[in-house]
Amino acid sequence: MANLIKSLAAVGIVSLLSGCASSPKAVILNPSYSAGQVTTINQPVSIEVEDLRTSKFTVKVLDKEPAVYLPDANLPVTISKLINGAFKANGADIVTSADVKITVQVKQFLALVSETYTKHESNAQAEFVVTVSKGKSTFVKSFTGTRKLTGSLKHDQAKVEGQLNVLAQQLVTHMVKDQELTQFISQ
C-alpha cells in the first residue's frame, strides 16, 4: 500500500511539473536605446505611451492547437522607458508638465511565429503613431517596421523577444532621427 501511494504521488508530481513546463510564459522585453545622439532636442517634453492594440498578445505561435498567445502586460512601460531614454540621449528634458506633449500610440507590436517539423519563422510587425501637441499646433506621424527571423526546429522565445527588442529600438531611433518631428518639437 505504501508503494502504491508513493507511485501515485510520483505520478502526480510529474504530471504537475510537466503541466507547468508547457504553460505559456509571458513575453519579457527590455529594449534599450543605443544609437547615441543623432539630433538635438533642446526642449522640455512630456511623453506618454498608450497601448491601442486590439489584441494584447505580443507573440502568437500559429499552427498549434490551440494557438499559443503570449502577452506582455508591461509593453507601455517598456516602450515609454525606451522613448524617454532616446529623447534624453538627444538633449530633451523629460518633464511631466512640459508645453510639448508627445503621445505615442502603439497600434501594432507583435511577432507571428509559424513552425513546421524542421524550421520556424517569426515575422514581427510594429506601428507607432506619434502625436506632438504644442500650444494649438499638432503634428502626427506614423512609424512602422518589420523584422523576420528564421531558424531550424522550434522557435526559441528568447530569440523572438530579441527580435521584438531590436524592432522597438529601430522604430524609436527612426523617431528621434525624423527631421519633421524634431523640427516641430524645436520650433
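The values are calculated or read from the model by the stated rules, or taken from the named source; none is laboratory data. Since the model is a prediction, treat every value here as computed from it, not as a measurement. Methodologically, a virtual Cβ is constructed for each residue, glycine included, from the backbone with ideal geometry; neighbour enumeration extends over all protein chains shown. With ligands, DNA and RNA removed, areas are computed over all heavy atoms of the protein, side chains included. Shrake-Rupley method; radii C 1.70, N 1.55, O 1.52, S 1.80 Å.
Numerical summary
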| read-out | value |
| --- | --- |
| Pairs from K119/K159; K81/K107; K56/K136; K141/K177 whose Cα-Cα separation, in the structure shown, is over 24 Å | K56/K136 |
| Accessible surface, the stretch 83-187, averaged per residue in Å² (probe 1.4 Å) | 50 |
| FRET efficiency, I28 to L52 (Cβ-Cβ, R0 35 Å, nearest 0.05) | 0.95 |
| Cα-based Rg and Dmax for the stretch 29-156, where Dmax is the largest Cα-Cα distance (Å) | 17.5, 57 |
| Förster-model FRET efficiency, 30 Å R0, K81 and Y117, C-beta, rounded to 0.05 | 0.15 |
